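Here's the structure, in C-alpha cells; my notes come after.
Read the figures in this text as sums done on the coordinates, not as results from a lab. These figures come from a predicted structure and were not determined experimentally. FYI the Cβ positions are ideal-geometry reconstructions off the backbone, even for glycines, and counts take in every protein chain you see.
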Amino acid sequence: MTMPRPASRFLGGLCLSLLLASCASSSDGSDLCGLGSGSLEACMTQLGGLLPHPCEAQAAATCEGSADTSCEPNALAECATNYYLRGYQPESLPPCDPSKPNVVIGQTLELSLFRGFGISDEAVVEHSQGLQRYYELYQLTMETRDVAAPDPIENALSGTLAEFNQALSDAGIPPTATSLTPEQEALAESVIGKVMFAPTREFLQRHAVPAEAKVNVAAIDQILSPDVVDLMELDGTVVGLGLSPAVIARTSEQDDSTQSLNTMLELDEDFTPTLFVGHNDIARLTGNFDVVVAHEMGHALGLVHVDDPGNLMEPYVTDNCRTWLSQEQVDMMGPFSDVTPTPDDALSRILQGRKNLLRRILESR
C-alpha cells in the first residue's frame, strides 16, 4: 500500500530546491540562504523572503501608472512604518514610580531593519513595535523607509575552538603553548577578537559603511553563538549589543588592554550605529520583552547603567512595571546631543570574556 507523501517533506524539498536555485543565481556568489545551517522552519522563513512583501506589493499597486518617481519609495516608507512601528497594543504596565514625570524627547529616529537567517518578519515586527511602544511615552517617533531586509547573519559573535586555535597558530603562537608572555597574550586577545567579531564586521561592512544618520536594528538568532558562550563563561545571557563609533572610542579610552575595537572590526571610518537583538535569547526570558529591547536600545543611544530602582537603565531590568527615564538621560542620548556615550555593559562583558576564552583554549591543550 502506498502512503501519501507527508506535506512537510514535500514542502521541505520544494524549499530546498528553490533556495538552491536562488543561491546559484546570486550575482555576488554569497551564501545568502545560509544552506546547511538552519532547520526547515528557517528554510521556509528564507523562502518567504524571496516573495514580495505586502508593503512592496501595496506600494507598486498604489503607484502603478504614476510618472512620479518618488511615489513608490514614499508609499513603501509609509506602509513599512505602519507595518513595523504602528498598530501595536498600548502599554498596560503600571509605572514603577508614579512620581516620576514623563520627560519629552520630541525627536524622530530613522531605523533600518534587518532579519538574520531563520528570523521571521513577524519577529522583527515584535521587536520594532516593542521599541516604539516603550519610547512612545517620551515622544520618540521611529520611522523606517523599507521592509526588513534579510541577511545571512545568525550571531553577532561566533567562533569554534578549532577556529581560534588555527588563528592563533597563523599568528605565530605555537599550537602547544600552554602559557604566554605578556606580548603573546596581547596578540592572542587581538586575534581571538578578530575571529569572534567576524559576523559583526561583515554585517557592518554590508550595511553600516558609509555612515548614515539612522540606527540599524538587526533581529538575529543569538548574540553569541553556543560555542562562544561555552568558552567565554559569561555570567547571564547577552540579549542585545549596540555599537557606534563613539562607543568604540570610549571603550578604547577606558581600557587600553582591550585593543582597539576598530582593529577587530577593521573599521577606519565612521559607521551607522547598529543594534543587534538576540531574538531567541530574549525568547528564553520571562516578563516584558519591550523593556528588555528598550534597555538595549538605550545602550545603543549612549545610556549607561544606573543604580536607581525602576529606571530603564538598571543593570537588572524590571519587567513587571513601566520603567522610567530622567531628563538627564534624555539629554545624553546620542542622536539628540553631542555627549560621548560610554560603552554598554554587554560590550564590556564580551571584551572581558575574551580573557576567559583564551584561558580555556590554553587549558584545553
> Roughly how large, in nm² to one decimal, is the mean projection of the convex hull of the alpha-carbon atoms in region 93-168?
Replying inline: 8.7
> Over what distance in Å are the Cα centres of region 148-194 and region 70-143 separated?
Replying inline: 37
> LYS355: which lysines have alpha carbons under 27 Å from its alpha carbon, excluding same-chain residues fewer than 8 sequence positions away?
Replying inline: LYS194
>> Placing unit charges on C-beta atoms (Lys and Arg positive, Asp and Glu negative, everything else neutral), compute the dipole magnitude of region 75-364 about its Cα centre in debye, rounded to 20.
In response: 280
>> Within a 10 angstrom radius of the beta carbon, how do GLU72, GLU64 rank from fewest other beta carbons to most?
In response: GLU64, GLU72
> Once phi is turned into θ = phi - 60°, what whole-Hz ³J(HN,Hα) does the Karplus curve with 6.51, -1.76 and 1.60 give for every residue of region 95-107, x standing for Gly and Pro?
Replying inline: x, 5, 9, x, 7, 7, x, 8, 6, 10, 7, x, 10
> If you rank VAL292, VAL103 by fewest surrounding Cβ atoms within 10 Å, what's the result?
Replying inline: VAL103, VAL292
>> Below 12 angstrom from the Cβ of ASN311, what's the summed charge of the other residues (Lys, Arg +1; Asp, Glu -1)?
In response: -3
> Quick one: Karplus J couplings for region 162-173, per residue in order, coefficients 6.51, -1.76, 1.60, θ = phi - 60°, nearest Hz, x for Gly and Pro?
Replying inline: 5, 5, 5, 4, 5, 5, 5, 5, 4, 7, x, 8
> When the Karplus curve 6.51 cos²θ - 1.76 cosθ + 1.60 is applied with θ = phi - 60°, which whole-Hz ³J(HN,Hα) does each residue of region 211-216 get, with x for Gly and Pro?
Replying inline: 5, 10, 7, 6, 10, 7
> Rg and Dmax of region 139-189, Cα atoms, in Å?
Replying inline: 19.8, 58
> Residues with amide H under 5 Å of LEU109's amide H, sequence separation 5 or more or different chain, H placed in the peptide plane at 1.01 Å from N; which?
Replying inline: THR141, MET142, GLU143
> Suppose every K and R has +1 on its Cβ and every D and E has -1 on its Cβ; what is the size of the dipole of region 61-132 about the Cα centre, in Debye to the nearest 20?
Replying inline: 280
> Which net charge results for the neighbourhood of ASN356, defined as the other residues with beta-carbon distances under 12 angstrom from its beta-carbon, given Lys and Arg at +1 and Asp and Glu at -1?
Replying inline: 0
